[in-house]
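**Q** I have a structure here, written as structure tokens, and I will follow up with some questions on it.
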Amino acid sequence: MNDYKTIINSSIKRLRKLHNLTQEKFAEKAGISVDGLRKLEKNSYAPKSDTIDKICNTFHISPFDLLIEQQSDDEISVMTVINKKLKTCSVEQLAKINEIIDIIKK
């Protein structure tokens, strides 16, 4: 399994390609430096939390979405929808959802 830095950095690159943006346009849109983006895509360093926030806010995704490792666009879309729904649940509802998932996985 990859470490979180590799997963997030490859997800950022995949997000850029998904939106058909050059590194320059992606960096401009997200409000980050082109050099910083290049270093992320080369996996030279882990992004700071404010960089992750800028990217997520710009592309209307959650940091969780950047931790989804090598999945198809359809799978990412489903996970994004599920994540948005889970954010609105109470602790009790989340516990029940967890039980249901455990039953389904059996």
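The values are calculated or read from the model by the stated rules, or taken from the named source; none is laboratory data. Keep in mind that what you see is a predicted model, and the values were worked out from it rather than measured. Note: ideal-geometry Cβ built from the backbone for every residue, glycine included; neighbour counts use all protein chains shown. When the accessible area is computed, the model is the full protein with side chains, heavy atoms only, and any ligands, DNA or RNA have been set aside. Shrake-Rupley method; radii C 1.70, N 1.55, O 1.52, S 1.80 Å.
**Q** Between a residue in segment 28-50 that is acidic (Asp, Glu) and any residue that is open to solvent by 50 Å² or more (accessible area, probe 1.4 Å) and not in a loop (DSSP other than H, G, I, E, B), which pairs come within a Cβ distance under 6 Å, given they are 6 or more apart or on different chains?
**A** Filtered contacts from segment 28-50: 41/13.
**Q** Going by the conditions given, is residue 47 touching a Leu at 6+ places or on another chain (Cβ under 7 Å) and modelled with pLDDT under 95?
**A** Considered against the rule, which asks whether it is touching a Leu at 6+ places or on another chain (Cβ under 7 Å) and modelled with pLDDT under 95, residue 47 comes out as yes.
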